[in-house]
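K.L.:
Before I ask anything, let me first share the structure, which is written out below as structure tokens.
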Amino acid sequence: MRFGYSEACLEHDTGPRHPETADRLRAIRRGLAKRHGVEYIEAPPTDKSTVAAVHDTDYVDDFESFCQRGGGNWDPDTVAVEASWVAALASAGLAEWAARSALDGKNGRDTPFSLGRPPGHHAVEDDAMGFCFFNNAAVAAQAVIDDGLAERVAIFDWDVHHGNGTQDIFYDREDVFYASIHEDGLYPGTGEVEETGTGDAEGTNLNVPLRAGAGDADYVYAFEETIGPAVEQFDPDLFIVSAGFDAHRHDPISRMRVSTEGYAMLTERVRDICEETDTALSFVLEGGYGLDTLSEGVAIVHETFDGRLAMDPDEEPDQKNVELVDEIRDVHGLGSK
């Protein structure tokens with residue numbers, strides 16, 4: 001794979017006890033050093049006008065001024081320093097690079113994956129939250145739409161937390177489909193089945209709030225029976241994966257049971273759909289706070305594109321999650337199983 005990377009993202013200093021630290025990127029780099037076929041691209045940062053296409057201009061200006069004054073706690077969880085402004089522009093720029101590269105034909109072993117921080121999927125139009133300042137996936141999607149490179153973009157979020165920011169930004173948009181598999185009831189408390197979009201965009205938002213303890217079989221089943229068919233029906237030009245790895249069974253801040261192999265299973269199914277439908281594919285880093293499991297997760301995505309075959313789940317999905325999937329299929333007109 002081709003990994004977008006910028007040293008500027010290391011300068012976003014959240015302090016010694018914050019889970020979202022520069023050590024996350026360092027751990028990923030160490031893990032990838034053992035794999036062949038890894039290429040790093042230092043893409044340029046995005047600019048304010050591109051960010052302002054999805055974020056309120058006053059908020060963008062306020063965040064810039066906040067960093068210029070030295071930063072601090074934007075909220076109890078979301079921390080910035082002076083360098084965080086440049087890091088946030090760099091992180092969004094890497095996501096934009098990945099989307100443009102995918103649409104330019106980079107696929108297979110050259111599939112782009114942006115390794116930026118701060119992450120983005122909690123950032124709403126006019127505010128930062130949940131460690132996120134700019135919504136990187138949303139910036140990337142809007143940029144390629146505005147430039148006429150894509151008419152329709154799908155974003156699939158497999159982070160353990162619901163991407164409330166991405167959902168909110170595109171909730172009334174017909175040209176962006178957002179889908180999320182996440183732990184029910186976890187921060188930020190959004191992402192219910194009934195949140196399906198509004199107005200003419202009804203049906204372009206799909207949430208799968210799995211019960212705590214869900215594992216590989218639950219995730220694969222949910223993707224195959226809801227998100228996969230819905231994305232194919234939407235027929236996007238670009239498929240962006242908001243790739244958080246905090247649903248891993250050994251991640252310190254979630255109760256899910258996805259294995260490293262489970263991320264290979266999801267990657268393989270995403271890749272197969274994109275190949276079958278001739279859809280461009282890019283990845284954007286979100287969460288993941290166990291350094292070993294994060295680095296293993298990113299590495300297994302890379303290995304899947306390098307020819308490794310994923311295993312199938314060795315168990316059946318939980319019956320409660322099967323019933324949830326039936327409900328989602330009914331809500332979205334996909335039929336009952």
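The values are calculated or read from the model by the stated rules, or taken from the named source; none is laboratory data. A quick note: this is a predicted structure, and the numbers were derived from the prediction, not measured. Cβ sites come from the backbone with ideal geometry, for glycine too, and all protein chains shown count toward neighbours.
K.L.:
Condition check: modelled with pLDDT of 95 or more, within 26 Å of D237 (Cβ to Cβ), surrounded by 21 or more Cβ atoms within 10 Å (Cβ to Cβ) and touching a strand residue (DSSP E or B) at 6+ places or on another chain (Cβ under 7 Å). Does P118 satisfy that? Walk me through it before giving the result.
P.N.:
Values: modelled with pLDDT of 95 or more: yes; within 26 Å of D237 (Cβ to Cβ): no; surrounded by 21 or more Cβ atoms within 10 Å (Cβ to Cβ): yes; touching a strand residue (DSSP E or B) at 6+ places or on another chain (Cβ under 7 Å): yes.
So P118 does not fit the description; no.
K.L.:
Limited to the stretch 1-11, what total is found for residues that are surrounded by fewer than 20 Cβ atoms within 10 Å (Cβ to Cβ) and touching a Leu at 6+ places or on another chain (Cβ under 7 Å)?
P.N.:
Count: 1.
K.L.:
Report those helices (runs of 4 or more DSSP H) wholly inside the stretch 37-149 carrying at least 1 residues which are over 24 Å from E303 (Cα atoms) and without any contact (Cβ under 8 Å) to a residue 24 or more places away in the chain.
P.N.:
48-51, 57-68, 84-103
K.L.:
When the stretch 165-211 is examined, which residues are found to be part of a loop (DSSP other than H, G, I, E, B), out of contact with any helix residue (DSSP H, G or I) (no Cβ under 8 Å at 6 or more places or on another chain), at negative phi and not hydrophobic (A, V, I, L, M, F, W, C)?
P.N.:
Result: D184, Y187, E192, T198, E202.
K.L.:
Still on this model: Taking the stretch 150-181 as the region of interest, how many residues are surrounded by fewer than 20 Cβ atoms within 10 Å (Cβ to Cβ) and in contact (Cβ under 8 Å) with a residue 40 or more places away in the chain?
P.N.:
Here the count works out to 2.
K.L.:
Looking only at residues in the stretch 12-28 that are assigned to a helix (DSSP H, G or I) and touching a residue at least 40 places away in the same chain (Cβ under 8 Å), which one is surrounded by the fewest Cβ atoms within 10 Å (Cβ to Cβ)? Explain how you work it out, then say what you get.
P.N.:
Just the residues of the stretch 12-28 that are assigned to a helix (DSSP H, G or I), to begin with: 23-28.
Adding the requirement that they be touching a residue at least 40 places away in the same chain (Cβ under 8 Å) leaves 23-25, 27-28.
Details: D23: 13, R24: 25, L25: 22, A27: 20, I28: 25.
Ranking the qualifying residues of the stretch 12-28, first place goes to D23.
K.L.:
Still on this structure, please answer the following. Mind checking which residues of the stretch 96-153 are of a type in the set (A, V, I, L, M, F, W, C) and touching a His at 6+ places or on another chain (Cβ under 6 Å)?
P.N.:
So in the stretch 96-153, the residues of a type in the set (A, V, I, L, M, F, W, C) come out as 97-99, 102-103, 113, 115, 123-124, 128-129, 131-134, 137-141, 143-145, 149-150, 153.
Within the stretch 96-153, M129, C132 qualify.
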